[in-house]
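The block underneath contains the structure these notes are about, expressed in structure tokens.
What follows draws every value from the coordinates through simple rules; no lab data is involved. Given the structure is predicted, the values throughout are model-derived calculations rather than measurements. Positions of Cβ are generated from backbone atoms using ideal geometry, with glycine treated the same way; all protein chains shown enter the neighbour counts.
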Amino acid sequence: MHFVATMSIIDLQHTASGATCRIHELGATVLGYRNAAGRDVLLLSRDAILDGSKAIRGGIPLVFPIFGPPSDDKSTMPQHGFARNNKWTKLSTFDNEDAAGAQFQLLLDDVSAGRGTNNPWEGKDYNVKLVFDIRFDGQSLTTALRMENTGSVAFSFQALLHTYYAVDDHAALDPSRCHVKGLAGYEAHDKVTGAKSLASDEPVTIDGEVDRVYTPPAGQVNAKVEISVGTAHPVSLQCQGTIDESPVPVSVVVWNPHEAKAASMGDFGNDQYHEMICVEPGILLPATLEAGKVAVLEQVIRS
Ligand code: TA6
């Protein structure tokens, strides 16, 4: 049993609207956001492990510096990198008329889990400061991951906000009540079948295990999608990414594990594939951050 640092959960309220947000120090993972209408917009697995020993299943896990498994199979860095596997430091919280929120930070020096070996993050060449800003009001939740290359050499990276949306009424597999609009024209890479195709105007629905990376067409940078989540009003998602203040393309991953994969995840309720859809914006195309430069990935969720 490896030592697990004591970690806490921070509960925030936006007094003016009554909206609330809950954040875990592990990975600065947003566990939940309840809007002014009292709806829980995000899904946290009922079996999520919250003792700090494992990345949290649900809410908004932060993915950095890699998305998916390492491209070099000699690297032992875990899937989705180290940002979500380490204790972040809460720098501040706020609650005013307009919004409430918090700021968290993770320095590479404080990364004790998930750096892995046989990869350039193992040594002292790379350095990074991650700052995560959370801001919410009665109808919206904004999360922004700021990555600053504090080292002396450039590094390549991927970054993604792995957001789990709650779907009401167990309706995730009902195409009329759960779907994603706004990905027409993107290139869809289906990680289940390996197929690549041009996404049509048809909404993306959950008809089995769905694990697709949608890459925007040339010239498109920001992502703007609408997510139907059962009986509630659709959620709108806008996301932008910048490197050294210049916009970069934002890809969008849509994932639902469906029955078999849900049953194979010990930290996920076997039936919970009926009550969630992941819509995950990220900087996934090859990206390099020069020494001293800053990248930002920001999503605005309106419900
Ligand atoms: O959401 C896309 C994805 O890469 C899926 O392939 C699936 O692995 C999911 O992330 C969850 O990954 P995790 O490492 O959190 O179990």
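At a glance:
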read-out	value
For GLY81, residues with placed amide H under 5 Å, excluding near neighbours	ILE66
Label-point gap, in nm, between MET7 and ASP72 - each point 7 angstrom along Cα→Cβ	2.7
Charge tally in the Cβ shell below 15 Å around PRO234, where Lys, Arg are +1 and Asp, Glu are -1, PRO234 excluded	+1
The chain: C-alpha gyration tensor shape, a/c 1.5 cut-off, then a/b vs b/c	rounded
Candidates SER197, SER236, SER45: whichever shows maximal mean-square fluctuation once the chain is modelled as a Gaussian network with Cα springs under 10 Å	SER197
Extension gain (nm, one decimal) between LYS196 and ASP174, 0.36 nm per residue minus Cα-Cα	5.5 nm
Cα-Cα over 31 Å, subset of LYS74/LYS181; LYS124/LYS261; LYS124/LYS224; LYS224/LYS293; LYS191/LYS224; LYS74/LYS224	LYS74/LYS181; LYS124/LYS261; LYS124/LYS224; LYS74/LYS224
Gyration tensor (alpha-carbon) shape descriptor, the stretch 163-238, a/c threshold 1.5	oblate
Placed amide H near ARG46: partners under 5 Å, 5+ positions off or other chain	GLY269
Helical mean residue ellipticity (222 nm; -39500 (n - 2.57) per DSSP H run of 4+; nearest 500) of the chain	-500 deg cm²/dmol
Charge dipole magnitude, Cβ of K and R +1, D and E -1 - the chain, Cα centre, debye nearest 20	360
Selection from VAL294, THR231, GLY241 lying farthest towards where the dipole of the chain points positive, charges on Cβ	VAL294
